[in-house]
Structure formats: C-alpha cells, structure tokens
Amino acid sequence: MTTVLLSLGSNVRPHHHLQAALRVLRGRFGQITVSPAYRTPAVGFDGPDFLNNAVMLDTGMPLLELDDWLHAVEDAHGRDRSGPRFSDRTLDIDVVYYGDLVVAGPGHLRIPRPELKHAFVLKPLADIAPDFNDPVRGLSLRQMWQAHPQHGDVFDTVELAD
C-alpha cells in the first residue's frame, strides 16, 4: 500500500462538490484522513473564493490509474477542461504525493505537485501529515509549512460536514 496525499479545491458550489468528493473517496478507499477546509482567494484569475482541503489515503492502485480515476471523478462532478487553465472549478483533485515517488517528465503529471508553493495546498497537507517527508526537498510538511511566507496567517476555516 502506498500513502497518497491529495489536494482538493472548488469554487463552484464548493460545499456540495467537496462533500461529494469526500463521499466518493471514502467509498473507494475506505478510511481517509481529511484536513479542515479553508476559504482562499482565486489564484491566477478573478473569480469566487475557493474552498481547499487535503486528503490522505492508502492505496494499492498504481499512480496513473489513480490519476485517471480522479480525473473521472472530477468529470462526473462537472469539471470543464475546455477553458483557461486558471478558471472556475466545480472540482479539482490533484495527487500531490504518491509515497516517495518523484515524477517530472512529459505529460501533465508532476509529483510532488508544483502547487505546493501555495498555502492553499501546503497548509491542509501539513495539517493532516505534518511528518510526511517531501522526497525532493528532504523536509517534512511541517518544516515546509513553517518556512512558508504565509505561515502564521489566519485562514478562514469552513465546515464541510454533511
């Protein structure tokens, strides 16, 4: 089994879509660890605020199969890939870490995800997996969050419970 860390986000009916994503993830993987959800401004475009959170799970599913499955979940919840890269999202689920695997090659998949530079990705991950070590940086998520420029900022926490 491999420990996987996911980043989730939505700014179109975000409560609905994130709750739905958590139900689907629990249905497929059983026990998952879920971070608090945080309200953050859209990055790269003008749009409604996002709700972002993170999930930790264990799976035997190979990375590419998992990535394809997650894209299918996004699509089933109305994800539109025809617009600009930075745009409104019904649901965005990214594999940030897949164990200690590093993927940096052709194609869209990058592990660890470059979006780790954003507090909306790093903070929820550090909340649920503070001792997880980044295989590239050799630092724990706790250390990475403590070194982040937004460490210490107050974030608006949003309840996602059904």
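The values are calculated or read from the model by the stated rules, or taken from the named source; none is laboratory data. Fair warning: this is a prediction, and the values are worked out from it, not measured in the lab. All Cβ positions, glycine included, derive from the backbone under ideal geometry; neighbour counts span all protein chains shown. Side chains included, ligands, DNA and RNA excluded: accessible areas come from the protein's heavy atoms. Shrake-Rupley method; radii C 1.70, N 1.55, O 1.52, S 1.80 Å.
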Being at pLDDT 95 or above, farther than 21 Å from Val34 by Cβ and either of a type in the set (A, V, I, L, M) or open to solvent by less than 30 Å² (accessible area, probe 1.4 Å) (or both) narrows Ala147, Ala129 down to just Ala147
Taking first residues from the stretch 108-124 that are closer than 16 Å to Leu51 by Cα and second residues anywhere that are surrounded by fewer than 21 Cβ atoms within 10 Å (Cβ to Cβ) and among the charged types (D, E, K, R), the pairs with Cβ under 6 Å that are 6 or more apart or on different chains are Val121/Glu115
With the first residue restricted to the stretch 25-39 and required to be within 18 Å of Leu125 (Cβ to Cβ), and the second required to be hydroxyl-bearing (Ser, Thr, Tyr) and crowded, with 16+ Cβ neighbours inside 10 Å, Cβ contacts under 8 Å at 6 or more apart or on different chains are Phe29/Thr59
Scanning the stretch 70-126 residue by residue, those in a loop (DSSP other than H, G, I, E, B), at pLDDT 85 or above, surrounded by fewer than 21 Cβ atoms within 10 Å (Cβ to Cβ) and on the phi < 0 side of the Ramachandran plot turn out to be Asp100, Leu101, Val102, Leu109, Arg113, His118
Taking the stretch 34-69 and keeping residues surrounded by 14 or more Cβ atoms within 10 Å (Cβ to Cβ) and either closer than 14 Å to Met1 by Cβ or polar (S, T, N, Q) (or both) leaves Ser35, Thr40, Asn52, Asn53, Met56, Leu57, Asp58, Thr59, Met61, Leu63, Leu66
